[in-house]
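Computed from the coordinates by the stated procedures, all read-outs in this text should not be read as laboratory data. Note that the structure is predicted; figures quoted are calculated from it, not measured. All Cβ positions, glycine included, derive from the backbone under ideal geometry; neighbour counts span all protein chains shown.
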Amino acid sequence: MDRRQLHPYTRLLLLVSGIIGTAWSQAPLPIAGFEMILLVILAVNSGIRLIVIFLMIVLLPMMVMLTVFHLFVHSLNGPVFIAQMLTVLKLTVYTTLIQIALIIPLQYVHFTFRKWGFRKDSLLILVSSYFVWMDVVKRSERILLARFSQGYIEKRTFMAKLRQIPFLLVPLIIGIMRTAAERSQSWDEKGLVERLETVRFSPVRGMNAYNCIIVLLAISWLVYNGVLLINRH
Amino acid sequence: MNGSGIFVGEIPSNYVSGLATTVKDEILLHDKYPAGEASQAIKQLLSDIGFGQHDDKNPFELSGGEQAMLAIACGLLAVPEKLSIDTTLEQLHRKWRDPLIRLFNEQALEKTDILIADNRVGEYGGSGHLPFTDHFQPQSGGDGVGPGFRDLHFAYRQLGWKPARKLSLNHISFSYTRNRPVIKDCSFSFQAGHIYHLTGENGAGKSTLAKVLSGLYKPSSGELLLDGLKEDFYRYPGNVLGYNFQSPDDQLFSASVRKELMQARAVKRPGFAALFDYIVELFGLQDLLDQHPADLPFTMRKRISIASTLINEREWYVFDEPTLGQDDLNTIALRDLMLYLAQQGKGIILICHSEDFIRKFDNIVRLTLIHGNLVI
């Protein structure tokens, strides 16, 4: 059992409290601080690599675009910039919250969605939507191997692999859809929709220090912003 | 009990639920009555054949035979009224297949009627495990593999026929994950003009070794030699050895049979049209050229995959379970084709669980993979 795993209720509480608390907040600095804490949680849950990717692909381009845009239009100290900065920060926090809530290790996907109250077809659709990625990865490898084995790619280089992407996409999508149709028929035959509701895969233990800290954080963030909101009015 | 039956088809990976991360969870998901007699009997069988060692593996990372076993076991664990097994048993080594077939006949599975659609069923019945079988002999309606092979040599010569060079493994090892080698320090020389039968239990690493030889996987250590000279098969995959995958669905990805065959590297060379026409006629594909391979039956897809391997002229060919789903007429034609290629100086490596098919060859060199070691 991984002690750093988030219990489904912890995930849900953090997501809901985080979104509401952030929506109520009007101060960039606390939001930035909250985002930093969220990034630490994301790093603990999913590894530092994901954080780096997130910073490089989402956060940094957003900041750069905003700054460049602003340099053309307004002065850096203007109130418009602050408002824009607030919006960007809030969007970033929402993105991070959604990532924390929905990046679930595959072995806990079933347990998490069942705890969130999903049943029958909706549970099956959610679980299978996570597992389809496994199929995508395996199938892409197979298509590439097939092309290599037939000698379509004379020399294995990075560029040669890159050139295969257009050839990969169509059979990949068609293959996944065909397999999905075949697999769903098999689920139906085996009664897996009902089985998925009752089977007990690996559970996540909720009552540990890590989960308690995050629950406290979520509640504190909500209460703090709630009090500020009441004071503002 | 489910009202309808369960079908387990030719591509076992399609019958893995795709909803579990480990084999243990996959079994748990299908195990409808864990305390039931059927469930106990199946789990005992899996334990007896040593399948328990795969409990923590991802079902998608199992070998083709292991996936076949898992798919059948899961089908049985769901306790349907009917279980149809189409060409899946052919993919099992007899050490797994025979106890499984014995289990079909036991009291524990009496609630499930089992239908086996399989061209090798006579082979299993011959060992006396299917005394209960109502054996249907379907009417022969299939097209055998077409004309003789004289023209294949001619067609290849137009492209510059290359006889095979000696292919040697020099202390080859391979592992998917660290410290768990599948192939261990194998050394062997494959001589041109011979047919080799690479055998071993399911999951022994036969297909993995074939993929290393084809340059699809990079060996963890060791080297591959051609006529004694080191050759980088991984950097130039599919140059020397053509690999016909066990599952045609791992090989056929074009939108039509024609496009699949036209993807050959030699497509722009002058003699290619003659080779194309010949291969199409040889495998009886004339009326199927504009069809999507996925819309065709498995047996036909398997034949198309062999055709697409052969249309790329290579020194060596690996055929991984070429008889899957093929009737007697086609298996004899396949044997003749392999013998012909070997006589003409090509090298053939055959991976096949059908002992009947192997017995059709007079001279075949048997190599067995046991715990990652190649035993002659």
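Summary table
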quantity	calculated
Computed helical MRE - 222 nm, chain A, DSSP H runs ≥ 4 contributing -39500 (n - 2.57), nearest 500	-26000 deg cm²/dmol
Radius 13 Å from Cβ of residue B:253, net charge of other residues (Lys, Arg +1; Asp, Glu -1)	+2
Angle in degrees between helix B:272-282 and the longest Cα principal axis of chain B, rounded to the nearest 10	40
Exposure proxy order (Cβ contacts within 10 Å, fewest to most) of A:49, B:97, A:142	A:49, A:142, B:97
Those residues of segment A:17-50 whose amide nitrogen sits under 19 Å from the label point placed on residue A:229, 7 Å along Cα→Cβ	A:17-35
Residue mean of other protein chain beta carbons inside 10 Å, B:305-312	1
Prolate/oblate/rounded call for chain A, Cα gyration tensor, a/c under 1.5 rounded	oblate
Shielding score for A:180-189, defined as the mean number of other chain Cβ atoms within 10 Å	5
Degrees, to the nearest 10: B:64-77 long Cα axis against longest axis of chain B	20
5 angstrom amide H check on residue B:83, placed H, neighbours 5+ away	B:6, B:113, B:114, B:115
Residues of type aspartates and glutamates that residue B:32 reaches as a straight line, Cα spacing below 15 Å, ignoring anything fewer than 8 places off in the same chain	A:188, A:189, A:194, A:197, B:81
Estimated 222 nm signal from helices in chain B, with DSSP H stretches of n ≥ 4 weighted -39500 (n - 2.57), rounded to 500	-9500 deg cm²/dmol
Part-to-part distance (alpha-carbon centres) for segment B:248-312 and segment A:81-118, which is given in Å	48
Partner lysines for residue B:230 [C-alpha distance under 16 Å; skip if fewer than 8 residues away on the same chain]	B:166, B:218
Residue B:373 long-range amide H proximity, modeled H, under 5 Å	B:184
Helix runs (DSSP H) in chain A reaching 30 Å along axis by Cα, Kyte-Doolittle at least 0.5	A:79-102, A:120-149, A:209-232
Residue-by-residue Karplus 3J(HN,Hα) for segment B:12-17, coefficients 6.51, -1.76, 1.60, Hz, glycine and proline x	x, 4, 6, 10, 7, 4
Residue order, fewest to most beta carbons within 10 Å, for B:166, B:230	B:230, B:166
For segment A:1-41 and segment B:53-102, distance of Cα centres in Å	45
Exposed GluC sites (Glu not before Pro) absent - longest run of chain B, DSSP non-H/G/I/E/B, at most 12 other C-beta within 10 Å	B:111-376
Ranked B:232, B:25, criterion: other C-beta atoms within 10 Å, fewest first	B:232, B:25
